[in-house]
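In what follows, a structure is listed as structure tokens, so that the remarks can point back to it.
The values are calculated or read from the model by the stated rules, or taken from the named source; none is laboratory data. In this text the structure is predicted, and so the values were computed from the model without any measurement. Please note: Cβ atoms are built from the backbone with ideal geometry, for glycine as well, and neighbour counts cover all protein chains shown. SASA here: full protein model, heavy atoms, side chains in, ligands and nucleic acids out. Shrake-Rupley method; radii C 1.70, N 1.55, O 1.52, S 1.80 Å.
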Amino acid sequence: MTDAFSLPPEAVEPHLAVAARALGLLRTVPALAPRYAGRPAGLTTLDELAALPPLVKDDLNVALAHLEPRAGTGATWLFQSGGSTGAPKIGYAPTGFYMAGVHAHWQPLDRDDTFVNAWGAGRMWGAHFLAAALADLAGCRVIALGSVTREEYGDWLGFLADQRATAIGGTPSVLRLWFSHARAAGLKLPALRKVIWLGEAWQPQLAEDIAAVSPQARRWGMFGSTETWVVGTNTPDCPADTFHPLPEQLVHVGPDGLLDFTTLNPEMLNPVLRYRTGDAGELTTCPCGRPGRAMRVLGRRDSVVQVRGLGLHVDELVARAEQEPGVSRAQVVITEHGGRATGVDVLLLTHGSAGPGTAGDAAVDTARLRTELLSATFTLSTAFQHDPENFRVRAVEELVSNDRTGKTAGFVVRPADQEDA
Ligand SMILES: [Zn+2]
């Protein structure tokens, strides 16, 4: 059983007091206590850890709402976490955001770098501040750019070229905007050597744009979630979907390849104990040659879908759409290109559907519903902040079903070349 873990028992068991403490905290949460009832109070072996039930979906938010943890020293930061509809669910982190542990094993930045922090700041988002903490540890120059509007890319790119920026970081979707704008405008960032990314799968198209704009730049990736913080990292020598877990992050591969994560970091405020992000993966050997078990991320397996690095609770979105008068069924269709969500469609089967061309549009105010869903769904409003037109709600005559099984799932992921199918 323990070979499904990223670390061997002798490496983990000395640090299981952290997991035991998380277990103790979770037992005090009224909504979660029953699932841990009857299990041993202690936690000293990897086999005991493997026998614990995983935390899923909103479990951590339920726990955190009860526990309200505080950092031992310094500030306690509140960040968006988990659930994707309604008000933001909250995760916590201390100043520093656990990046000292990341920096100890992974140093993409050094003192000579000029680092452009292009992760959006604000909206209780963690990545900008996490990257700032990494830059602090590296002692480099920092340009805290955040997000910019479409019209601003040209001017900023000129400024970054003047500043001889050597590194840039963002989600692949945001990086894509930067490099595609630069490429389209014929602008170069010749001094750029490092592209740091976190938040969603790497995009092959991005590599092509980077090659045109900054031929010497290479990618450096982090994998994590707002609940676990950074779990693993990779280098230009690793495949883009393969990460080396940090020693303070224990990765477990469960049924269906579902990954769960357990923190071994005593400073972690979120009680991350067998927490499933919805990502599937496998443990593997990385071709870069670094020893130890690496984690290959294969995508998602449950109704929490990663959309541009954010967890979208598809079931919640479908349920909300199906509350709308006139809607008999709803389906979420996510269009992907190169691992990136290019668009999200909510398809509505309506009572008023009456043949070609009508599709019940008159019965359901799709424009209003779209506005409501977008504003009420944090994942969508944030993921599509720069291109809200790529979130659509429309009435259709039939939902997308699987021709082979005849089933119509609550959500469908399809490649961009089938967009009009
Ligand atoms: Zn590697």
* Asked: Are any residues in region 1-33 of a type in the set (Gly, Ala, Ser) and either farther than 16 Å from Tyr275 by Cβ or free of Cβ contacts under 8 Å to residues at least 60 places away in the same chain (or both), and if so, which ones?
  -> Ala11, Ala17, Ala20, Gly24, Ala31, Ala33
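Considering each of Ala167, Ala144, Ala161 in turn, give the residue that is within 23 Å of the chain's Cα centre (by Cα), open to solvent by 30 Å² or more (accessible area, probe 1.4 Å) and modelled with pLDDT of 95 or more. Walk me through how you get there before you give the answer.
Values: Ala167 fails: open to solvent by 30 Å² or more (accessible area, probe 1.4 Å); Ala161 fails: within 23 Å of the chain's Cα centre (by Cα).
Unique residue meeting the criteria: Ala144.
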* Provide a single number: the residues in region 308-337 that are in contact with a strand residue (DSSP E or B) (Cβ under 7 Å, 6 or more places away or on another chain), open to solvent by 50 Å² or more (accessible area, probe 1.4 Å) and either under 17 Å from Gly278 (Cβ atoms) or without any contact (Cβ under 8 Å) to a residue 12 or more places away in the chain (or both). => 1
* Tell me which of these Thr342 doesn't satisfy, since it passes every other one: (1) at pLDDT 85 or above; (2) more than 23 Å from Ser81 (Cα to Cα); (3) β-branched (Val, Ile, Thr); (4) surrounded by fewer than 21 Cβ atoms within 10 Å (Cβ to Cβ). => (2)
* Asked: So, of the residues in region 24-40 that are open to solvent by less than 40 Å² (accessible area, probe 1.4 Å) and touching a Pro at 6+ places or on another chain (Cβ under 8 Å), which turns out to be farthest from Asn61 (Cα to Cα)?
  -> Tyr36
* Does Asp209 satisfy being under 25 Å from Val142 (Cα atoms) and away from the ligand (no atom under 16 Å from the Cβ)? -> yes
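Which ones in region 105-161 are of a type in the set (Phe, Trp, Tyr) and touching a strand residue (DSSP E or B) at 6+ places or on another chain (Cβ under 8 Å)? Don't jump to the end; show me each part of the working.
Our first condition is that a residue be of a type in the set (Phe, Trp, Tyr); within region 105-161, this holds for 106, 115, 119, 125, 129, 153, 156, 159.
Of everything in region 105-161, those that are of a type in the set (Phe, Trp, Tyr) and touching a strand residue (DSSP E or B) at 6+ places or on another chain (Cβ under 8 Å) turn out to be Trp106, Phe115, Trp119, Trp125, Phe129.
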* If Thr242 passes every condition in (1) open to solvent by 30 Å² or more (accessible area, probe 1.4 Å); (2) within 16 Å of the ligand (Cβ to nearest atom) but one, which one does it miss? -> (1)
* **The lone exception for Thr45 - which of (1) closer than 21 Å to Leu246 by Cα; (2) in contact (Cβ under 8 Å) with a residue 40 or more places away in the chain; (3) surrounded by 14 or more Cβ atoms within 10 Å (Cβ to Cβ) it fails** => (2)
* Structure fact -> Leu137 meets each of (1) touching a helix residue (DSSP H, G or I) at 6+ places or on another chain (Cβ under 6 Å); (2) open to solvent by less than 30 Å² (accessible area, probe 1.4 Å) with one exception, condition (2)
* To do: Can you work out which of the residues in region 279-307 that are modelled with pLDDT of 95 or more and open to solvent by less than 20 Å² (accessible area, probe 1.4 Å) is nearest to the ligand (Cβ to nearest atom)?
  => Cys286
* Structure fact -> Of the residues in region 224-236, those that are under 17 Å from Arg293 (Cβ atoms) and within 12 Å of the ligand (Cβ to nearest atom) come to Gly232, Thr233, Asn234, Thr235
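Got at least one residue in region 249-258 being more than 17 Å from Thr379 (Cβ to Cβ), within 16 Å of the ligand (Cβ to nearest atom) and either at pLDDT 90 or above or open to solvent by less than 10 Å² (accessible area, probe 1.4 Å) (or both)? Spell out the reasoning first.
Just the residues of region 249-258 that are more than 17 Å from Thr379 (Cβ to Cβ), to begin with: 249-258.
Checking the rest, the ones that are also within 16 Å of the ligand (Cβ to nearest atom) come to 249, 251.
With the extra rule that they be either at pLDDT 90 or above or open to solvent by less than 10 Å² (accessible area, probe 1.4 Å) (or both), the set shrinks to 249, 251.
Scanning region 249-258, I find at least one residue that is more than 17 Å from Thr379 (Cβ to Cβ), within 16 Å of the ligand (Cβ to nearest atom) and either at pLDDT 90 or above or open to solvent by less than 10 Å² (accessible area, probe 1.4 Å) (or both), so the answer is yes.
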* Asked: Has region 271-278 got at least one residue that is closer than 19 Å to Thr233 by Cα, modelled with pLDDT of 95 or more and open to solvent by 20 Å² or more (accessible area, probe 1.4 Å)?
  -> no
* Does region 348-369 include one or more residues that are within 17 Å of the chain's Cα centre (by Cα), at pLDDT 85 or above and buried (at least 19 other Cβ atoms within 10 Å of the Cβ)? -> no
* Asked: If Met124 passes every condition in (1) open to solvent by 60 Å² or more (accessible area, probe 1.4 Å); (2) modelled with pLDDT under 95; (3) at negative phi but one, which one does it miss?
  -> (3)
